[in-house]
Protein chains: 2
Amino acid sequence: MHSAVAPQPVIVLVRPQLGQNIGKAARAMLNFGLTRMRLVAPRDGWPNPDAGPSAAGADAILAEAELFDTLADAVADCTHVFATTVRKRGVTKPVMAPDEAAQVVHAEAGLSALVFGPERSGLETDEVALARTILTVPINPEFGSLNLAQAVMVVAYEWSKQQGLAQPPRTELLPPAPQGELDGMIAQLETMLDEAGYFYPPSRVPATRRTLRTLLSKPGWNHLEVRTLRGVLSALANPRQR
Amino acid sequence: MHSAVAPQPVIVLVRPQLGQNIGKAARAMLNFGLTRMRLVAPRDGWPNPDAGPSAAGADAILAEAELFDTLADAVADCTHVFATTVRKRGVTKPVMAPDEAAQVVHAEAGLSALVFGPERSGLETDEVALARTILTVPINPEFGSLNLAQAVMVVAYEWSKQQGLAQPPRTELLPPAPQGELDGMIAQLETMLDEAGYFYPPSRVPATRRTLRTLLSKPGWNHLEVRTLRGVLSALANPRQR
C-alpha cells in the first residue's frame with residue numbers, strides 16, 4: 001500500500017483515554033491501508049486489553065504500535081507534523097483540510113506525522129505549537145461531535161484516495177529535516193536568548209517561545225539548512241579571533 | 001446547510017439491526033450537515049430506546065426519521081437512488097465512489113437517496129436492483145471492516161465537502177514581508193556574523209551569503225515575524241542586564 005514516493009505516514013495518538021478508542025482507531029486506519037501507529041502516554045498504560053476487541057482484526061497495528069512519553073519524542077524523526085484540531089485556535093499556522101493534507105503527505109519524500117489529541121480535550125497549545133501545519137476536519141459548526149476514531153478515519157480515507165495517483169516528487173529539493181533536528185536548533189537559540197536576557201518578563205515566556213517555534217517551523221528547513229543555521233548560532237555565541 | 005441547487009439527500013437505512021447503530025449513523029450525518037433519515041423495517045421496531053444515547057445530540061434526526069415497510073416505498077419520491085455496497089456485485093450499473101456520488105447529488109435538482117443495507121449482510125440483490133447507481137466506499141481489500149455508521153459518515157463527509165460552507169476556516173495569514181524588510185534583517189545578521197568572524201575564508205564569502213539569503217527567504221516570513229527576528233538578533237547582539 002506504499003506510494004512510490006512518500007513513506008506511509010504515522011498516526012500519533014496523544015494521551016488517548018480509552019483502550020477501546022485506540023482499537024477503533026487501528027481499525028479505521030487499516031480500513032484505508034494505514035498501519036503505523038504511535039502512542040504518547042496513553043492514560044491507562046500500554047498494552048491495554050480493551051484495545052484488541054475494538055480493533056476488529058487490526059490487532060497487528062496494535063502489536064506494532066510504538067510507545068512514547070512525549071509528543072516531541074514521537075515525532076522526532078518526522079519531517080512534517082500535522083496537528084489535528086477541531087476548531088481554529090489563535091495559532092498562525094497553515095490550516096489544511098484532510099484532502100489537502102493527504103496531497104502534501106503523498107508529495108513529500110519525508111515521514112509525515114498525523115497527530116490526534118485526547119478524546120475530549122484535544123491537543124494542548126504547546127503540542128499544536130510543535131506542528132508545522134494544522135489539520136482540521138471540516139464539520140457542522142452547529143454540532144461537531146466527531147470522535148477520535150472517526151477523525152482518524154476521515155484522514156486515513158483521504159490518504160487512501162491519493163494512493164495510485166502516485167505523483168512524482170515536486171522537485172529534487174531535500175525534504176524538511178526531522179523534527180528532532182529542528183528542536184535541537186531551537187533549543188540552541190533559546191539557550192542563547194536566555195543568556196542574553198531576551199525572555200522577559202517571565203509571564204510572557206511561554207507565548208514568546210511558541211511564537212519563535214512557529215516562526216522557525218514555518219520554513220520546513222532541510223538538514224543542510226538546519227546545520228547551517230546551527231553554525232550561524234555557534235558563530236554568534238562564540239566569535240572567533242581572526 | 002442546503003446547496004443552492006439540490007435538496008439535501010435522504011439517508012436510507014434498510015433493516016438496520018441495532019438501535020445503537022441507527023443513533024451512530026444519525027450522529028455521523030449531523031456532523032456533516034445531513035439531517036434527513038429514513039428507516040426501512042428496522043429489526044427491533046421504531047422508535048428504539050437504544051438509538052438516542054448513541055446519537056450524542058443528534059436526537060432531532062431520530063425524532064424526524066420516517067419509517068417505511070419496504071425500500072421501494074422509502075425511495076418512491078427520489079429521483080436518483082444510490083445503493084451502497086462494499087463489494088462490487090454482478091450488477092451492470094454504474095459504480096461511483098463517495099466523492100463522485102456527492103458531485104452527482106449536488107448537481108441534480110431532484111431528491112437523491114443514499115441507501116445503506118443491514119450491518120452484516122448488506123443490501124439484497126433485489127434492493128440493489130432498485131438503484132440507478134452503486135455507491136462503493138473504496139477500502140483496503142485485505143481488511144474491509146467498515147461498519148454502518150462509518151459508511152454513512154464517509155458518504156456524508158463527501159457530500160459536505162461539496163458544500164461551500166464546509167471549507168475549513170482559512171487562517172488570516174499575513175502575506176510575506178516586503179523584500180526590503182527581509183533585506184534589513186539579513187543585513188543585520190550579516191553585520192553580526194562579520195563581527196563574529198563567521199565569513200571565512202574570503203573566497204567563500206559570496207557563496208555563503210547566497211546560502212544564507214536562500215535559507216532566510218524560504219519561509220516567506222511576514223512583517224511581524226521579521227520584526228520578531230530582528231528583536232532576537234538585537235537581543236543576541238546586546239545582552240541586557242537583569
Mind checking whether some residue in the stretch A:58-66 is of a type outside the set (Ser, Thr, Tyr), at pLDDT 95 or above and under 12 Å from A:Ala113 (Cα atoms)?
no
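For every residue, the table says whether it meets (1) more than 24 Å from A:Pro94 (Cα to Cα); (2) of a type in the set (A, V, I, L, M); (3) touching a helix residue (DSSP H, G or I) at 6+ places or on another chain (Cβ under 8 Å).
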residue: B:Ile186; (1), (2), (3): yes, yes, yes
residue: B:Glu195; (1), (2), (3): yes, no, no
residue: B:Ala207; (1), (2), (3): yes, yes, no
residue: B:Leu212; (1), (2), (3): yes, yes, yes
residue: B:Ser217; (1), (2), (3): no, no, yes
Considering only residues that are more than 7 Å from chain B (Cβ to nearest Cβ), closer than 17 Å to A:Met96 by Cβ and in a loop (DSSP other than H, G, I, E, B), look in the stretch A:131-164 and name the one that is farthest from the chain's Cα centre (by Cα).
A:Val137
Test of understanding: among B:Glu127, B:Glu119, B:Glu181, which residue is in contact with a strand residue (DSSP E or B) (Cβ under 8 Å, 6 or more places away or on another chain), touching a residue at least 12 places away in the same chain (Cβ under 8 Å), more than 10 Å from chain A (Cβ to nearest Cβ) and surrounded by 16 or more Cβ atoms within 10 Å (Cβ to Cβ)?
B:Glu127
Where the second residue is exposed (fewer than 14 other Cβ atoms within 10 Å of the Cβ) and of a type in the set (A, V, I, L, M) and the first is at the interface with chain B (Cβ under 8 Å from one of its Cβ atoms) and assigned to a helix (DSSP H, G or I) and lies in the stretch A:219-242, which pairs have Cβ atoms under 9 Å and are six or more apart or on separate chains?
none
Restricting to the stretch B:39-81, what's the tally of residues that are touching a Lys or Arg at 6+ places or on another chain (Cβ under 9 Å) and within 14 Å of another protein chain (Cβ to nearest Cβ)?
6
If you go through the stretch B:186-208 one residue at a time, how many are assigned to a helix (DSSP H, G or I) and over 15 Å from A:Leu233 (Cα atoms)?
7
So, in the stretch A:82-99, of the ones that are at the interface with chain B (Cβ under 9 Å from one of its Cβ atoms) and not basic (Lys, Arg), which residue ends up farthest from A:Asn147 (Cα to Cα)?
A:Thr92
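When the residues of the stretch B:114-130 are filtered to those that are assigned to a loop (DSSP other than H, G, I, E, B) and modelled with pLDDT of 90 or more, which remaining residue is farthest from the chain's Cα centre (by Cα)? Give the steps one after another, and end with the answer.
Step one: list which residues in the stretch B:114-130 are assigned to a loop (DSSP other than H, G, I, E, B), which gives B:117-124.
Then keep just the ones that are modelled with pLDDT of 90 or more; that gives B:117-119, B:122-124.
Working: B:Gly117: 23, B:Pro118: 25, B:Glu119: 24, B:Gly122: 25, B:Leu123: 26, B:Glu124: 30 Å.
Filtering first and then ranking leaves B:Glu124.
Of all the helices (runs of 4 or more DSSP H) wholly in the stretch A:1-110, which have at least 1 residues that are of a type in the set (Lys, Arg), surrounded by 17 or more Cβ atoms within 10 Å (Cβ to Cβ) and within 16 Å of the chain's Cα centre (by Cα)? Even if it seems obvious, please write down each step before you answer.
Details: elements: A:19-31, A:51-55, A:59-63, A:71-74, A:98-107.
Of the helices (runs of 4 or more DSSP H) lying wholly inside the stretch A:1-110, none has at least 1 residues that are of a type in the set (Lys, Arg), surrounded by 17 or more Cβ atoms within 10 Å (Cβ to Cβ) and within 16 Å of the chain's Cα centre (by Cα).
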Count of residues meeting criterion [more than 22 Å from A:Leu130 (Cβ to Cβ) and among the polar types (S, T, N, Q)] in the stretch A:171-202:
1
For the stretch B:184-219, which residues satisfy the criterion of being small (Gly, Ala, Ser), surrounded by 13 or more Cβ atoms within 10 Å (Cβ to Cβ) and on the phi < 0 side of the Ramachandran plot?
B:Gly184, B:Ala196, B:Ser217
Within the stretch B:192-205, which residues are free of Cβ contacts under 8 Å to residues at least 24 places away in the same chain and either within 11 Å of chain A (Cβ to nearest Cβ) or touching a Lys or Arg at 6+ places or on another chain (Cβ under 8 Å) (or both)?
B:Leu193, B:Asp194, B:Glu195, B:Ala196, B:Gly197, B:Tyr198, B:Phe199, B:Tyr200, B:Pro201, B:Pro202
Test A:Leu111 against the criterion of being modelled with pLDDT of 95 or more and not assigned by TED's automatic domain parsing to the domain that holds A:Ala187, and give yes or no.
no
Going by what's in this entry, would B:Glu181 be described as farther than 30 Å from B:Met96 by Cβ, modelled with pLDDT under 95 and assigned to a loop (DSSP other than H, G, I, E, B)?
no
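The values are calculated or read from the model by the stated rules, or taken from the named source; none is laboratory data. Bear in mind the structure is a predicted one, so any value in this text is a computation, not a measurement. Note that we place each Cβ from the backbone using ideal geometry, even for glycine, and neighbour counts take in every protein chain shown.
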